[in-house]
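Report on one structure; see the data block that follows.
The values are calculated or read from the model by the stated rules, or taken from the named source; none is laboratory data. The model shown is predicted, which means the values in this text are computed figures rather than measured ones. Neighbour counts run over all protein chains shown; Cβ positions are idealised from the backbone, glycine included.
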Amino acid sequence: MAQQRLDTTRLQKIAQAYWESAALMAAVELEVFTAIAHGHDTVAAVARAVGITERNAERLLTALSAMTLLERQQDSRGDRFTNAPDVQRFLVKDGERYAGPWILFTKPRWEAFGKLSEHLRRREESHLGQYTEFTVDDARRYHAATYSIGMGAARLFSRSVDLSGRKLMLDLGGGSGAYSIVATKTFPGLKAIVLDLPPVAEVAREYIAANDATDRVSAMPGDFTRTEFPQGADVVVMASNLPQYEPDLIRLVVAKAFAAMAPGGEMHLIGETLHDDRRGPLSAALWGLNEAVQGSTGVAHTEGEVKGYLQGAGFTDVAVHPFVPGVLSRVTGRKPG
């Protein structure tokens with residue numbers, strides 16, 4: 001049997017993957033997908049609509065088509081472009097599910113990731129990493145990028161979990177308050193407290209007010225690894241900040257949640273988790289690697305490890321539920337009583 005000949009094709013593709021990221025981000029910044037959705041569907045029309053030369057429009061549209069972000073058809077008038085279905089839904093600027101800011105969310109880390117080897121040599125890290133010097137302006141920029149995707153995740157959570165009859169939700173590291181805003185709207189009688197760093201809590205209040213949720217949701221400033229938790233919540237949610245913390249800190253937070261929670265309460269830890277064999281998903285592994293750039297002590301955690309954190313604190317009926325396949329899992333537990 002002939003041995004398969006090895007070449008560098010796979011390695012080259014990985015090494016050049018940032019070219020694809022750059023093309024996507026440029027298209028979002030230039031509003032190419034919005035132009036196409038509005039009928040500017042040729043090279044010349046896109047060039048005019050977004051203010052670039054036809055040569056550069058052809059270069060970009062060809063790349064986006066090869067990436068399957070655009071569909072390219074030929075008719076008697078020449079080549080015409082349409083957005084792929086997911087692009088049409090999420091990257092047309094005047095669409096109700098526009099997620100352009102989320103696509104650009106990691107762009108400020110571009111240069112830092114180019115120096116990843118230097119960051120990996122660094123010895124000093126902190127439990128808050130980039131958030132140590134976080135300001136209100138930083139929080140506003142951060143949540144301007146994450147709010148739309150956060151609301152989508154919040155709607156998914158409230159569709160996935162029945163909180164009927166629950167009275168108080170503690171939203172740990174709740175950011176803009178998306179989970180709390182949606183959950184308290186979905187389940188009458190539920191109140192919520194968003195506990196996050198002081199600059200973030202200030203911004204959370206702005207989103208809470210903008211969603212007419214001030215009668216249901218409040219924001220509490222603090223560091224949930226150090227701040228004492230309010231007592232009596234019967235739901236605790238910790239969403240999309242798992243890789244930012246090392247195992248001992250997650251254990252600490254989960255134990256604090258268990259101690260403060262009302263008997264019979266439930267905890268939902270939603271995060272980027274690895275399979276137990278640590279071979280993927282890639283998304284969770286990369287978010288763990290990202291913490292080297294951010295200068296934190298955070299790492300990627302496996303589903304089994306997260307189950308262990310909850311079981312070690314005393315939670316029962318601990319289980320892993322798919323949330324966003326390949327990206328996020330939801331690990332749950334109940335406090336006996």
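Selection of the stretch 295-326 for residues being touching a residue at least 40 places away in the same chain (Cβ under 8 Å), under 30 Å from GLU118 (Cα atoms) and surrounded by fewer than 21 Cβ atoms within 10 Å (Cβ to Cβ) yields GLY295, THR297, VAL299, GLU305, GLY326.
Only residues that are touching a residue at least 60 places away in the same chain (Cβ under 8 Å) and closer than 21 Å to LYS335 by Cβ were counted across the stretch 202-244, and they come to 11.
Suppose the filter is assigned to a strand (DSSP E or B) and in contact (Cβ under 8 Å) with a residue 40 or more places away in the chain; does ILE149 pass it? For ILE149, the condition - assigned to a strand (DSSP E or B) and in contact (Cβ under 8 Å) with a residue 40 or more places away in the chain - is not met.
The residue that is nearest to GLY271 (Cα to Cα), counting only those in the stretch 295-315 that are among the polar types (S, T, N, Q) and touching a Leu at 6+ places or on another chain (Cβ under 9 Å), is THR302. Going through the stretch 83-103 one residue at a time, which ones are outside any helix (DSSP H, G or I) and surrounded by fewer than 15 Cβ atoms within 10 Å (Cβ to Cβ)? Selection gives LYS93, ASP94, GLU96, ARG97.
Check whether at least one residue in the stretch 165-185 is without any contact (Cβ under 8 Å) to a residue 12 or more places away in the chain, of a type outside the set (A, V, I, L, M) and more than 27 Å from ARG89 (Cβ to Cβ), and report yes or no.
No: the stretch 165-185 contains no residue that is without any contact (Cβ under 8 Å) to a residue 12 or more places away in the chain, of a type outside the set (A, V, I, L, M) and more than 27 Å from ARG89 (Cβ to Cβ).
Counting only helices (runs of 4 or more DSSP H) that fall entirely inside the stretch 5-61 and contain at least 2 residues that are surrounded by 15 or more Cβ atoms within 10 Å (Cβ to Cβ), the qualifying elements are 17-30, 32-37, 43-50. Among the residues of this structure, PRO263 does not count as one that is assigned by TED's automatic domain parsing to the domain that holds LEU156 and assigned to a helix (DSSP H, G or I).
Okay, residues lined up against (1) in the same structural domain as LEU289 (by TED's automatic domain parsing); (2) under 18 Å from the mean Cα position of the chain (by Cα); (3) over 19 Å from THR297 (Cβ atoms):
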| site | (1), (2), (3) |
| --- | --- |
| MET67 | no, no, yes |
| PHE90 | no, yes, yes |
| LEU116 | yes, no, no |
| TYR147 | yes, yes, yes |
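Here GLY232 meets each of (1) buried (at least 16 other Cβ atoms within 10 Å of the Cβ); (2) within 24 Å of ALA319 (Cα to Cα); (3) not basic (Lys, Arg) with one exception, condition (1). Among residues of the stretch 34-46 that are of a type outside the set (Asp, Glu), those with a Cβ under 6 angstrom from a residue that is in a loop (DSSP other than H, G, I, E, B), sequence gap 6+ or separate chain, pair up as THR34/VAL92; THR34/LYS93; ALA37/VAL92; VAL46/HIS40. Per this entry, GLU124 is counted among residues that are assigned by TED's automatic domain parsing to the domain that holds GLU206 and either in a loop (DSSP other than H, G, I, E, B) or modelled with pLDDT of 95 or more (or both). Assigned by TED's automatic domain parsing to the domain that holds THR225, within 26 Å of GLU228 (Cβ to Cβ), among the β-branched types (Val, Ile, Thr) and over 18 Å from the mean Cα position of the chain (by Cα), is that true of ILE181? Considered against the rule, which asks whether it is assigned by TED's automatic domain parsing to the domain that holds THR225, within 26 Å of GLU228 (Cβ to Cβ), among the β-branched types (Val, Ile, Thr) and over 18 Å from the mean Cα position of the chain (by Cα), ILE181 comes out as no. Go through the residues of the stretch 200-218 one by one and say whether even a single one is surrounded by fewer than 16 Cβ atoms within 10 Å (Cβ to Cβ) and in contact with a Lys or Arg (Cβ under 7 Å, 6 or more places away or on another chain). There is no residue in the stretch 200-218 that is surrounded by fewer than 16 Cβ atoms within 10 Å (Cβ to Cβ) and in contact with a Lys or Arg (Cβ under 7 Å, 6 or more places away or on another chain). In summary, ASP75 fulfils each of the numbered conditions (1) modelled with pLDDT under 95; (2) under 27 Å from the mean Cα position of the chain (by Cα); (3) not aliphatic (A, V, I, L, M) with the single exception of condition (2).
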